[in-house]
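Taking it in order: structure first as structure tokens, then the write-up.
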Amino acid sequence: MIEKNLYNLSNENENKLNDWLLKFPRGQKKPAIIYALHLIQKENKYIKNEHIDAVAKFLDIKKIDVYEVASFYSMFELNKTGKHTISVCTNISCMLNGSDNILSYIERKLGIKLGETNEKFFLKDERECLAACCGAPMMQIDHKYYENLTTEKIDKIFNEIENE
Amino acid sequence: MKIKINNKEYLFEKGETVIQIADRNGIHIPRFCYHSKLSIAANCRMCLIEQVGVNKPQPACSTPAIENQEYFTNSKLAQDSQKNTMEFLLINHPLDCPVCDQGGMCELQDQAFMHGRVKSRYVDEKRVVIDYKIGPLIKTNMTRCIHCTRCVRYGEEIAGIKEFGAIGRGENLEIRTYLSSAINSPMSGNMIDICPVGALNAAPSHMKGRTWELEEVKSISPHDCVGSNMSVHVLDNDVFRVVPLENNNINEIWLSDRDRFSYEAISHNERLKKPIAKIGGRYEEIEWEQAFEIIKKNIDETKFGMSAGFISANSTIEEQYLFQKWLREININNIDHRVSQNFFSKADDNLFPKIDIPIKDIEKINSILLIDSNVTYDQPILSHKIRKAYLNNAKINTIQTFNYKYNFSTNESLLINPNLLAEILIDTIEYLSVITINDKTLNNFSIPEEIKNNFKGKGLTDKKIKQFCSDLLFDNSLILLGSNLKNHQDYELLKILTNIISILTKSNKGFLGDKCNEAGAWLTGCLPNKAVGLKDQKNVGLNVYESIKAELDSYIIYNLDLIDFYHYSDLKKSLNEANFVLGFNSFISDEDLNYYDLVLPLATVFESPGTFVNIEGEWQSFANSCKPFYLSKEGWKILTKLRLVFEKEINNKFEYIDIINEVDAEIRKNKEILDINFENLKVQKIESNTNLIRSGGYSNYFSDNIVRRAFSLNKVNNNKNTVSINKKTLEQNNIDIEKNKVIVKQGEKSLLAELIVDENVSDNCVFIVNSNKEHYELGKQYQQIKIENV
Amino acid sequence: MNNNIKINELCYATLSMENPNSFETYVSLGGYSAWKKIIANSTKPKDIIDNIINSGLRGRGGAGFSTGKKWSFINQDSDEIKYLVCNADESEPGTCKDRDILRYNPHALLEGMLIASYAIGAEVAYCYLRGEFIDDVYLSVKKALKDAYKNKLIGKNILDSNVCIEIHDLIGAGAYIVGEETAMLESIEGKKGFPRYKPPFPAVKGLFGCPTIINNVETLASVPEIINKGSEWFNKIGTDKSSGFKCFSVSGHVNKPGNYEIPLGTPFKDLLELAGGVKNNKKLKAVIPGGSSVPVVPGEKMLETNMDYESISNAGSMLGSGAVIIMDEDTNMVEVIHRIARFYYSESCGQCTPCREGTGWMYKIIDKIIKGQATIEDFESLKSIPNMISGSTICALGDAAAMPVESFIKYYEKEFLNYISKKEKKAFI
Ligand SMILES: Cc1cc2nc3c(=O)[nH]c(=O)nc-3n(C[C@H](O)[C@H](O)[C@H](O)COP(=O)(O)O)c2cc1C
Ligand code: SF4
Ligand code: FES
């Protein structure tokens, strides 16, 4: 019997990765792990074991090396997430400008708590500062920046997403 | 260059770290992550010391010594820093020393005692880490892990297989395998030794005793041709565990899993307690005296030339010496130890199993050609040396019949069908004969005509052969012939061809063995045509295959299971027909017992003193670690007693030391170096053979009667009833690759097995492991085979 | 207010223009002329390095080490491959100055990277952006790179000379620690961001084992103007030891939070005024003058301090990354340090013991304090931990986690004790 792979990288992604590898000295494969995981997460919303296997296979490296990277960086989600990932910054500058209220407003609005996910949204437990302190309070939805948040502004943003 | 530590001056060489200098001079610096055989991580921060003039404490393990610099390992700054680290480490470390295997030999416990604060100020909940199974050999208790990453670095750097990783980050950093998969390295047990706490424990001895109650005995590994040094820890006459004993010429501080865990077989339920004999058609336990009477009577009745004796190449040199001596004294000349060899031609009479260079020098080799060697699993310590050579930029090339997994990378490798091995080596010689034509140093060597007759011009064009040759022509190169090839019908020819290549390329060579004392068996003359000390034997006897085929009247089988014989089925047929079959063994399976008239209970290597000669020719003696099991006896005692029974004129008070003296005088002091002799060489015209052939010695823990009974090791084995074949071969034989079962036929036997499509198998080849019981009857590797759809 | 403050003249020079990040805008301001001059004159790398040393430019990433000196650590005579890495991992809480350079003036960075690569003899340079920039800032950098390549300013045989320098963009995936220079090298090599122990220093053995220089975005973006206008010009701005301009991200309780590029040595008062003063006319309570990892400074003291390395150091803190976080009189300091401690706890890489265990221990105690569950013994432990961590870790994250805790307790111990006495009282009742 032939063993089948559970997941294969798309041709497009394989090409992207091959291009990416050109940035590094010949024979260096690991430097493409992070980019590979980004590509996969973009397509699949979160990273499953079969994705890790596929990256290891494509780059011809150990699965544990890919897993170490996937588990280290906070942007990689290893558990099921919703369609959109929301990161509300609650670090100092944002906190000083009321990010805790913003966060609880969003929690109430979406009916999920920090770290939880529903079909549509995943409310990431974001502990990092997202480098937009002068636009505090702020959040990212799918890595798009939304600054100087107010409750009205939030309503508008979610309306737009709902109507997509 | 000089530095000062604690006000005293010490000399050092450029590049040394402070901890190295301190260690050399017996100055104590605590450490967890530092390990002299591993790369520096500097992550535990336990070794912090004071460097005069620097206000921050410096880690001794990663601080390069600076000329005339002053350090203090015991100043207030150093002591405070060490105390702090200790307090941090204990925050999340469980206080379960009383139930921890590591207790009593725990680096953390020792250092907490010396450097810790008396009372912990941390009062919150401790981190709890979920444990998961990583195979039958290592029991984890990861809550105790202090994240020193020694095990991770060991995997990457020494074992060459990264299996553990540091997952996650921060306080939640966890040392684990991917998806909790089992550890696969054949040297995984060393992680138990290097883990400074009780996070990684030996599963077989887990929770079975406390370390301070143990007695330690030096011993030598009884399983491969390396002769690793080990320390056997004994608790009340039971082997509690086995750990490596440092020997920088051989195993350094490592031990293969096979050597570490095989001791579990000692208490296997197939262990013999007393002699067992077939009396009136039934098997009964009998007394030793009665056993000797039965032997005397039966052997006396057997006609001259109608007996044969086979001894294991895993027995000690003392046993081998006495075995052949006893047999020859009673006129039995059909003696052999090469039971796993398939075919004999007398051509290799002098190709003694050895390696031309000391094991420790393998790491300095510039280029290695491996011929069908599964070295990483068969001789893990040699593989470690090859890996070191590889890390020193040696080029490793392989010619192989299966894509073995190595713990080093290969430069060029050639996957070929076993039938073509000799051909490819002849092609190689052909190429070498051309490129070395002007080499004057080779003037008094000429390639035998028998070989030249097989030149086909192919070797001159093959790119890989050219690569192999040009690498072998480097200074200081090595060719190794794998131990599996003993089963190959061309084994002797392959040895000769390897020898010729080594002469032409001025390379070193080695014929790897899968037994621990093969050299001993040769030196003691456990061969039909060689006497003690490799002298020619006057009354040449039959070799093992001839003896089996001749259907003799009596057989004596020493320290071997029947499955150890390549000609397993033929042997069983002959034993069935024989009048008297005598066995010496520590174990007997119900199946094997049926073929014996009498089996004597033999002490295992753990229960007897002895000497092994390893592949580099090193003689290593060891004492018994514990007393023999029940009424079993040491081989040398039984054999000496038998010589007395047959009324040989030997001193009644014959002691162990007398054999040592005899062996020393006759063999050790009398080294005979053999030269290759091409006169008997007969090589048939080699025809390209396209028949399907079986390969598959590949199974880690099956190599001898002890290993195959070691409980935990056998759980590691993949002994599934499977058949692996590559796609091309399947298509050529019209096999449906979507099906999951296939029928294989070997000789008259057939077998239904699971089909695996595997591109690691060479063309025209069917891969089936030997070690599965369902495969025993089928025969062995390197025989013709057929495959059919179900 | 001092109306003569020069603002946004260097790294933020394009900010006030239309299409600030376009190639044309940059060139219209004289962009790439420094680079072209170097190529045309085949300027000696050593001259460039001397120039930068003389200018007094110091690293803007946090440590403030002389940039020219750092470059001079590369052994120019060795024929090893050399690398330049631009640290665009901007993650220090409070800091958002590099993001604006990347978004609005990426060509200044690219030109700076080219000059730095040329000066240290690197033919490959990497610009490593933090992962969260992937759908926003990253696009601006990629476009700038494309334009620069199109104009033959980067790549093979630049401007038909025999100079070849490739610049590659890279993207991270969320880890503050990767901003530490050796962790960044690990991350570029495709591993977890575990900082390396030093020595060896990156200038000797860095990326892929080769000599490597790592510089911050702002540092590199300052380089072209220094080449253009000369080291004298730059050196004269600022104070004696703190030359030139510096970008400050002013955030927190201010009316006009934002990035302001001003000469070093400008009084804090003026910077606060630029940022519109404290919100709601409240009084200033405290300031974190250089990102979350530096000690906090009480408001009164800060109002007397100038914004340069030495003055802030005299005030008991550090200039760090230039992230100025303003806190008004109503700020709950325990809550602030709680947030900061949480940050270091979740960003510690976990490699070395004091940081892995110490950040967690500190956070847990502060968390207990906030929840009113801590005892006075807990607080005593908390006080001792920063000192146990400082100076004993592989990288500076340990210090970064320890310093704020130490300083918050130093200045605002009463607020902590308030929480604790509440608990003691509860226990009493
Ligand atoms: C924990 C930690 C985080 C850091 N984060 C950053 C960062 O986000 N951006 C940055 O430019 N430098 C950061 N640094 C400083 C860098 O290690 C390094 O000093 C800097 O990139 C050197 O550039 P410069 O000399 O141009 O300042 C960080 C340092 C530490 C210890
Ligand atoms: S399991 Fe043992 S060896 Fe491995 S990191 Fe933990 S303490 Fe160190
Ligand atoms: S032994 Fe030096 S830091 Fe661990």
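The values are calculated or read from the model by the stated rules, or taken from the named source; none is laboratory data. Because the structure is a prediction, the values reported are computed rather than measured. So basically every Cβ, Gly included, is an ideal-geometry build from the backbone, and we count neighbours across all protein chains shown. We work out accessible area using only protein heavy atoms, side chains counted, and drop any ligands, DNA or RNA first. Shrake-Rupley method; radii C 1.70, N 1.55, O 1.52, S 1.80 Å.
The table for this structure:
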| quantity | calculated |
| --- | --- |
| Any helices (runs of 4 or more DSSP H) falling wholly within region B:468-567 and containing at least 2 residues that are open to solvent by 10 Å² or more (accessible area, probe 1.4 Å) and at positive phi | none |
| Candidate set: region B:36-63, residues that are facing chain C (nearest Cβ under 7 Å) and touching a residue at least 60 places away in the same chain (Cβ under 8 Å); chosen: the one nearest to ligand 1 (Cβ to nearest atom) | B:43 |
| Tabulated pairs, region A:12-35, first more than 10 Å from chain C (Cβ to nearest Cβ), second open to solvent by less than 30 Å² (accessible area, probe 1.4 Å), C-beta under 7 angstrom, 6+ apart or interchain | A:13/A:39; A:16/A:39; A:17/A:32; A:17/A:36; A:21/A:32 |
| Matching option when the condition is in contact (Cβ under 8 Å) with a residue 40 or more places away in the chain and either touching a Pro at 6+ places or on another chain (Cβ under 7 Å) or within 16 Å of ligand 3 (Cβ to nearest atom) (or both), among B:137, B:108 | B:108 |
| Out of C:99, C:103, sole residue that is open to solvent by less than 10 Å² (accessible area, probe 1.4 Å), touching a residue at least 12 places away in the same chain (Cβ under 8 Å), of a type in the set (D, E, K, R) and within 14 Å of another protein chain (Cβ to nearest Cβ) | C:99 |
| Residues located in region C:101-144, provided they are assigned to a loop (DSSP other than H, G, I, E, B) and under 29 Å from residue C:51 (Cβ atoms) | C:105, C:121, C:122, C:123 |
| Subset of region C:298-340 (residues that are more than 11 Å from chain A (Cβ to nearest Cβ), among the β-branched types (Val, Ile, Thr) and surrounded by 24 or more Cβ atoms within 10 Å (Cβ to Cβ)) | C:312 |
| Members of region B:30-62 that are within 13 Å of ligand 3 (Cβ to nearest atom), of a type in the set (Val, Ile, Thr) and surrounded by fewer than 23 Cβ atoms within 10 Å (Cβ to Cβ) | B:40 |
| Positions within region C:393-420 being facing chain B (nearest Cβ under 10 Å) and open to solvent by less than 10 Å² (accessible area, probe 1.4 Å), in sequence order | C:398 |
| Helices (runs of 4 or more DSSP H) wholly inside region C:154-255 that include at least 3 residues being open to solvent by less than 10 Å² (accessible area, probe 1.4 Å), under 17 Å from residue C:87 (Cα atoms) and within 14 Å of chain A (Cβ to nearest Cβ) | C:181-188 |
| Criterion (near ligand 2 (Cβ under 10 Å from one of its atoms) and outside the structural domain of residue B:405 (by TED's automatic domain parsing)) met by exactly one of B:190, B:141 | B:141 |
| Odd one out for residue B:81, checked against (1) open to solvent by 20 Å² or more (accessible area, probe 1.4 Å); (2) among the small types (Gly, Ala, Ser); (3) in the same structural domain as residue B:50 (by TED's automatic domain parsing) | (1) |
| Count of region B:168-198 residues which are more than 16 Å from ligand 3 (Cβ to nearest atom) and either among the basic types (Lys, Arg) or buried (at least 22 other Cβ atoms within 10 Å of the Cβ) (or both) | 14 |
| Residue selected from region C:368-388 under the condition more than 9 Å from chain B (Cβ to nearest Cβ), more than 28 Å from the chain's Cα centre (by Cα) and open to solvent by 10 Å² or more (accessible area, probe 1.4 Å), by the criterion farthest from residue A:74 (Cα to Cα) | C:376 |
| Any hit, region B:148-165, residues being touching an Asp or Glu at 6+ places or on another chain (Cβ under 8 Å) and away from chain C (no Cβ under 14 Å) | yes |
| Among (1) under 19 Å from the mean Cα position of the chain (by Cα); (2) closer than 22 Å to residue B:313 by Cα; (3) assigned to a loop (DSSP other than H, G, I, E, B) - the single one residue B:377 does not satisfy | (3) |
| Residues located in region C:63-78, provided they are open to solvent by less than 100 Å² (accessible area, probe 1.4 Å), outside any loop (DSSP other than H, G, I, E, B) and within 11 Å of ligand 1 (Cβ to nearest atom) | C:66, C:67, C:68, C:70, C:71 |
| Scan of region B:143-182 for residues that are assigned to a loop (DSSP other than H, G, I, E, B) and either of a type in the set (D, E, K, R) or in contact (Cβ under 8 Å) with a residue 60 or more places away in the chain (or both), ordered by number | B:146, B:147, B:148, B:149, B:160, B:161, B:162, B:163, B:169, B:182 |
| Within region B:224-301, strands (runs of 3 or more DSSP E) holding 3 or more residues that are farther than 30 Å from residue B:36 by Cα | B:276-279, B:282-285 |
| Of all residues in region A:38-78 being among the aliphatic types (A, V, I, L, M) and at the interface with another protein chain (Cβ under 7 Å from one of its Cβ atoms), the one that is farthest from the chain's Cα centre (by Cα) | A:64 |
| All positions within region C:271-300 that are closer than 28 Å to residue C:179 by Cα and in contact with a Leu (Cβ under 7 Å, 6 or more places away or on another chain) | C:289, C:290 |
| Filter result for residue B:768 (farther than 16 Å from residue B:693 by Cβ, in contact (Cβ under 8 Å) with a residue 12 or more places away in the chain, not basic (Lys, Arg) and not assigned by TED's automatic domain parsing to the domain that holds residue B:567) | no |
| Residue B:101 under 27 Å from residue B:203 (Cα atoms), within 16 Å of ligand 2 (Cβ to nearest atom), part of a loop (DSSP other than H, G, I, E, B) and open to solvent by 10 Å² or more (accessible area, probe 1.4 Å) | yes |
| Qualifying residue in region B:736-752 (condition: within 19 Å of residue B:484 (Cβ to Cβ) and open to solvent by 60 Å² or more (accessible area, probe 1.4 Å)) | no |
| Residue under evaluation residue C:81, criteria (1) within 28 Å of residue C:308 (Cβ to Cβ); (2) away from ligand 1 (no atom under 14 Å from the Cβ), criterion not met | (1) |
| Any chance residue B:217 is more than 16 Å from ligand 2 (Cβ to nearest atom), open to solvent by less than 10 Å² (accessible area, probe 1.4 Å) and more than 14 Å from every other protein chain (Cβ to nearest Cβ) | no |
| Total residues in region B:52-72, condition touching a Cys at 6+ places or on another chain (Cβ under 8 Å) and among the small types (Gly, Ala, Ser) | 1 |
